[in-house]
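Read-outs: derived from the displayed coordinates by stated rules, not from any lab. None of the values given here were measured: they were computed from a predicted structure. A quick note on method: Cβ atoms are made from the backbone with ideal geometry, for glycine too, and the neighbour counts reach across all protein chains shown.
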Amino acid sequence: MAKITSYTYTIRIGDDFRQKLTLKDKETGNPLNLSGYSFKMEIRECKSNLDPILTLESPLGISGIGIEIDDAINGNIFLIISKNITKDLTDTNAVYDLKWTTDVGQVTTILEGNIQILETVTK
């Protein structure tokens, strides 16, 4: 079984969240060609909670939340949550994972971890 990368993110309530990821082949270190891939990420209070706090998917829609495949040939994607979405979040600790579906339909969890959703001082 492949090792899943773990990373902690911080989302600040009322701020835009935009995180670039460059996905690389674990053996060669070369960027992966993501042509034909799709992505889905869910943020939940805990793994067993059935209702996600947020769901991000590709392609990026006009709602201000999603996953943008920025440069498929060079493995670049962006996780995007606009301030219009984050303003309605509640200060909490949460968990997430990110899955991809390849061009041939294989689904794999590629990233997981914790998300801190934090209130800001400046309103």
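Annotations for the structure displayed:
- Taking the convex hull of Cα positions in region 5-118, its mean projected area over all directions (nm²): 7.1
- Counting neighbouring Cβ atoms within 10 Å and putting the fewest first, the residues T10, T5 line up as T10, T5.
- Within the shell of other residues whose beta carbon sits under 14 angstrom from the beta carbon of T120, the net charge comes to -1, with Lys and Arg scored +1 and Asp and Glu -1.
- Expected 222 nm ellipticity per residue - DSSP helices of 4 or more, -39500 (n - 2.57), all of the chain, to 500: -500 deg cm²/dmol
- Value of relative contact order over the chain, rounded to a whole percent, pairs C-alpha under 8 Å and six or more apart: 36
- Among Y96, Y7, a tally of other beta-carbon atoms within 10 Å of each Cβ gives an order, fewest to most, of Y7, Y96.
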